[in-house]
1. Pull up region 129-143, narrow it to residues that are open to solvent by less than 10 Å² (accessible area, probe 1.4 Å) and out of contact with any helix residue (DSSP H, G or I) (no Cβ under 6 Å at 6 or more places or on another chain), then point me to the one that is farthest from T171 (Cα to Cα).
2. Could you run through region 333-368 and say how many residues are over 22 Å from the mean Cα position of the chain (by Cα) and within 23 Å of A199 (Cα to Cα)?
3. Residues in region 254-289 that are outside any helix (DSSP H, G or I), farther than 14 Å from L322 by Cα and not acidic (D, E): how many?
4. Given the condition within 30 Å of P240 (Cβ to Cβ), hydrophobic (A, V, I, L, M, F, W, C), touching a Phe, Trp or Tyr at 6+ places or on another chain (Cβ under 9 Å) and open to solvent by 30 Å² or more (accessible area, probe 1.4 Å), answer yes or no: does some residue in region 305-320 qualify?
5. Might you let me know whether region 121-138 holds any residue that is assigned to a helix (DSSP H, G or I), farther than 29 Å from A436 by Cα and not hydroxyl-bearing (S, T, Y)?
6. Among the numbered conditions (1) crowded, with 18+ Cβ neighbours inside 10 Å; (2) in contact with a Lys or Arg (Cβ under 9 Å, 6 or more places away or on another chain); (3) closer than 28 Å to A333 by Cα, tell me where Y245 comes up short.
7. Residue under question is T171, and the condition is that it be touching a Pro at 6+ places or on another chain (Cβ under 7 Å) and either closer than 20 Å to A440 by Cα or open to solvent by 50 Å² or more (accessible area, probe 1.4 Å) (or both); does it hold?
8. Return the residues of region 419-428 that are surrounded by 24 or more Cβ atoms within 10 Å (Cβ to Cβ) and more than 15 Å from the chain's Cα centre (by Cα); say none if nothing qualifies.
Amino acid sequence: MRKALRWLLALTVLIGTLSTAGAATAAEPEATGTTGTTDIKEQLLAIPGVSLIEEKPYTGYRFFVLNFTQPVDHRDPAKGTFQQRITVLHKDVSRPTVFYTSGYNVSTNPSRREPTQIVDGNQVSLEYRFFTPSRPAPADWTKLDIWQAASDQHRVFKALKKIYTKNWITTGGSKGGMTATYYERFYPKDMDGVVAYVAPNDVVNNEDSAYDRFFASVGTKECRDRLNAVQREALVRREPLEKKYAEYAATEGFTFNTVGSLDKAYEAVVLDYVWGFWQYAQAADCAEDELIPPNAATATDDQIWNSIDMISGFSFYTDQGLDPYTPYFYQAATQLGAPDIHFPHIEKKYIRYGYQPPRNFVPREIPTRFQPYAMRDVDTWVRHNARHMLYVYGQNDPWGSERFHLGKGAKDSYIFTAPGMNHGANVAGLVADQKAFATARILDWAGVSDTAVAAAKPLATFDKKLDVRDVEREPTLRP
């Protein structure tokens, strides 16, 4: 999922606000974490391979940023190790634990994912391998795959389960939801439940018609026409707007070696535009004239530029914008797959490259080879073996076009869609009966009391700092 809306950077998704908005932010009781006389910090640092980067205070919790020594190759640990960052938001060893990954970098500030608030538990967050600084040196890119990453999680879980002995639930949004699914596929005995948000499932990489059907029907025709017109106009005015792009790149020191040229980067940004809007904006935002010019044909060059930049971001396909996400694009080019959509509202003469494959966004010195069996294997496993798995999608999120499905072999597993929501869809955004049901299942999987399960409400009071987060902001080409 490419560059997020800049105008949304100040906005946030309130985790649980639909059920807890307006609740006073009460101070939690002080975190407890001793076994006998041993402090939780000492317990964590006593784990082989764990070292402290820093501890940050937060009322009611202990928050640690740690390094965890991992083998570069879990099949052959003798090939060397690297340091992988993890964080621990410690509440109490008597509480359940939520294992979170975004599928990208880990935040080093205290935050709480929705399942963590629901179960009032601890939270362990893991940085995905090969996202800096959690990258082996030298980097053997063949060791970046979904099994190696799942094995990272497995080793962290096995180490921390000795301290956090109660039930564990794994979670993540977008690529993090995919990551949670892959972890469950390869290590189904580790977790007591899985909560995966807006997780794409590209089973057949070269069959993406579901996305075209989505864009032909999402929202209102008026909104679709308005967005399509701006996108087309940006290609019609390619020459003057690329001149503006070149000036911008020169001022900022941006280069285009990976994608190949400014022209290819420009078209990639423009073709992200409609996708980016539906991924991060609300349907009502289509009427905002400052964001979407009402008449593209008569709009100024600056209005077209600003609209594309706010939604897609002209900095992303530069070398500097792509570099932090090389691990994602490598995985998309080797295992995850990526969407390929069409643009029937734009004449072919204006489109030179089309929706470019992820290989175009990986430096040429890093070889890639696509493995079509990887996603098929996961999809088959989920359909026939899912147990205690919950998927939440957003009605207006393009990534929900290709999603996970459950077959007859699935047990106590569910897929829900939050009406009107985008890539920030969550349990709190479901219709009332589904929200209560999903909350109850999460609580049950976490092993809390029957009374709490029956109440089907988050156990932790809403915290305006811990539970307010930005929508998962990622390039349109990645989930």
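The values are calculated or read from the model by the stated rules, or taken from the named source; none is laboratory data. Bear in mind the structure is a predicted one, so any value in this text is a computation, not a measurement. Neighbour counts are summed over all protein chains in view; Cβ atoms, including those assigned to glycine, are modelled from backbone coordinates with ideal geometry. These area figures cover heavy atoms from the full protein model, side chains too; ligands, DNA and RNA do not enter into them. Shrake-Rupley method; radii C 1.70, N 1.55, O 1.52, S 1.80 Å.
1. Kept after step one, since they are open to solvent by less than 10 Å² (accessible area, probe 1.4 Å), are these residues of region 129-143: 129-131, 134, 136.
In the following step, the residues that additionally are out of contact with any helix residue (DSSP H, G or I) (no Cβ under 6 Å at 6 or more places or on another chain) were identified as 134, 136.
Details: S134: 20, P136: 25 Å.
Going through the qualifying residues, I end up with P136.
2. Residues of region 333-368 over 22 Å from the mean Cα position of the chain (by Cα): 342-354, 363-368.
Add one more test, that the residue is within 23 Å of A199 (Cα to Cα), and what stays is 342.
Counting residues in region 333-368 that are over 22 Å from the mean Cα position of the chain (by Cα) and within 23 Å of A199 (Cα to Cα) gives 1.
3. Step one: list which residues in region 254-289 are outside any helix (DSSP H, G or I), which gives 254-261, 272, 281-282, 288-289.
Add one more test, that the residue is farther than 14 Å from L322 by Cα, and what stays is 272, 281-282, 288-289.
Of the ones still in play, those that are also not acidic (D, E) are 281-282.
Adding up the residues that qualify gives 2.
4. Yes, region 305-320 has at least one match.
5. no
6. Y245 satisfies all of (1) crowded, with 18+ Cβ neighbours inside 10 Å; (2) in contact with a Lys or Arg (Cβ under 9 Å, 6 or more places away or on another chain); (3) closer than 28 Å to A333 by Cα except (2).
7. yes
8. Quick first cut of region 419-428, residues surrounded by 24 or more Cβ atoms within 10 Å (Cβ to Cβ) only: 422-428.
The answer is V427, A428.
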